[in-house]
Amino acid sequence: MKNFMNEFKEFALKGNVMDLAVGVIIGGAFQAIIKSLIDNIINPIIGILFQADFSQVVIRMGSVNLGVGAFVSTIINFVLLAFVLFLMVKAINQLKKLNQEEESTPEKSEEAQLLEKILEQLKKN
């Protein structure tokens, strides 16, 4: 049982799992923002064409109503959310790339710096 708990702790504290958890939380927050944008701004603007709330637009086929407006609103919601998350991932990848480049350039040791100063002095003389 102790081994199982250690394995779980190692899994849960890995960077990828924590990144995923943060991504899910941020995605949920952005979903609320995007849903509000769709429901309160885009649907009313599109609804002007239909002279009704766009999310309530239906096509009647006999006794069945097809919720075309709600479906299109959901698609717009998905596309906008995917775009926002894409931009976030792209920005995070750029930051990681910059961080890796900074880490890949090793700092010169004190000995190397001292040798460079000596070389400069020799060149001057």
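The values are calculated or read from the model by the stated rules, or taken from the named source; none is laboratory data. All values derive from a computational prediction rather than experimental measurement. Because the Cβ atoms are built from the backbone with ideal geometry, glycine has one as well, and the counts that use them run over all protein chains shown. Surface accessibility is based on the protein's heavy atoms, side chains included, excluding ligands, DNA and RNA. Shrake-Rupley method; radii C 1.70, N 1.55, O 1.52, S 1.80 Å.
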Please give, to one decimal in nm, the separation of the simple spin-label points placed at V79 and N125, each 7 Å out from Cα toward the Cβ.
7.4 nm
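How much length, in nm to one decimal, is gained on full extension between F50 and S63, taken as 0.36 nm per residue of separation minus their Cα-Cα distance?
Numbers: separation 13, 0.36 × 13 = 4.68 nm, distance 2.16 nm.
Here the segment from F50 to S63 would lengthen by 2.5 nm.
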Taking the chain as the reference, fit the longest principal axis to its C-alpha atoms, fit the long axis of helix 68-104 to the helix C-alpha atoms, and give the angle between the two in degrees, 0 to 90, nearest 10.
0 degrees
Just subtract the alpha-carbon distance of L114 and D19 from 0.36 nm times their residue separation and send over the number in nm, one decimal.
30.0 nm
For the chain (alpha-carbon point model, no solvent) the Debye-based log₁₀ I(q)/I(0) at q = 0.09 Å⁻¹ works out to -0.58
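Quick check for me: using +1 on Lys/Arg Cβ and -1 on Asp/Glu Cβ, what's the dipole size of region 1-119 about its Cα centre, in debye to the nearest 20? Write out the running numbers ahead of the final one.
Values: 10 positive and 12 negative charges, 121 e Å.
Taking the Cα centre of region 1-119 as origin, the dipole is about 580 debye.
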Could you check how much of the accessible area of the chain is carbon and sulfur, as a whole percent, using a 1.4 Å probe?
66 percent
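When a/c reaches 1.5 or more, the comparison of a/b and b/c decides; with that in mind, is region 26-66 rounded, prolate or oblate per its Cα gyration tensor?
On the way: a/c = 5.74, a/b = 1.78, b/c = 3.22.
Judged from the Cα gyration tensor, region 26-66 comes out oblate (a/c at least 1.5, b/c at or above a/b).
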Accessible area of the chain divided out per residue, in Å², using a probe of 1.4 angstrom
86 Å²
